[in-house]
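The values are calculated or read from the model by the stated rules, or taken from the named source; none is laboratory data. Model, not experiment: these values are computed from the prediction. FYI the Cβ positions are ideal-geometry reconstructions off the backbone, even for glycines, and counts take in every protein chain you see. These accessible areas exclude ligands, DNA and RNA; they are computed on the full protein's heavy atoms, side chains included. Shrake-Rupley method; radii C 1.70, N 1.55, O 1.52, S 1.80 Å.
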Amino acid sequence: MSQRLAKAPGVVLISIAATMWGLDGLIRKDALLSTSASTIVFGEHVVLVALTLPLLVPALVALWRAGPRYLLAGILIGAGASATATILFTDAIFHGDFITVVVLQKAQPLVAVAGAWLVLGEQPRRGFAWFLLPALA
């Protein structure tokens, strides 16, 4: 299984993830009629962990070897912030204006790119616009 994943181009995996991310608002809205936001998010995380287990174990080993600060950052960001933000997003879909919540979620990559540029001083690679413009469309 891991050799097959290693041969799959990263672009394909990212495209699948982006498609799922683009449709999640529609999927969550119907699920919220009968299930709580925290239950939906827990179920999603269980599925994601199960699907990425072959990749997760080496990543956790590398994180452990990086040291306690990196391990703590990984836990806080990966489990804490991610789960909290997903619960809030899921709950907001049901209680708020669906369109506003989804548009804010879809703008999140722009905030991440701008934040990486402003806070970390990262520069987008040459040709970044060729990926950014179709993604925005």
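So that you can scan it fast, the table gives a plain yes or no per residue for (1) farther than 28 Å from residue 128 by Cβ; (2) at pLDDT 80 or above; (3) touching a helix residue (DSSP H, G or I) at 6+ places or on another chain (Cβ under 8 Å):
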{"site": "36", "(1), (2), (3)": "yes, yes, no"}
{"site": "43", "(1), (2), (3)": "yes, yes, no"}
{"site": "69", "(1), (2), (3)": "yes, yes, no"}
{"site": "80", "(1), (2), (3)": "yes, no, no"}
{"site": "97", "(1), (2), (3)": "yes, no, no"}
{"site": "107", "(1), (2), (3)": "no, yes, no"}
Count - residues of segment 54-69 that are open to solvent by 80 Å² or more (accessible area, probe 1.4 Å) and within 16 Å of the chain's Cα centre (by Cα):
1
Okay, helices (runs of 4 or more DSSP H) sitting entirely in segment 28-136 with 2 or more residues that are in contact with a Cys (Cβ under 6 Å, 6 or more places away or on another chain), within 21 Å of residue 10 (Cβ to Cβ) and in contact (Cβ under 8 Å) with a residue 12 or more places away in the chain, I get none
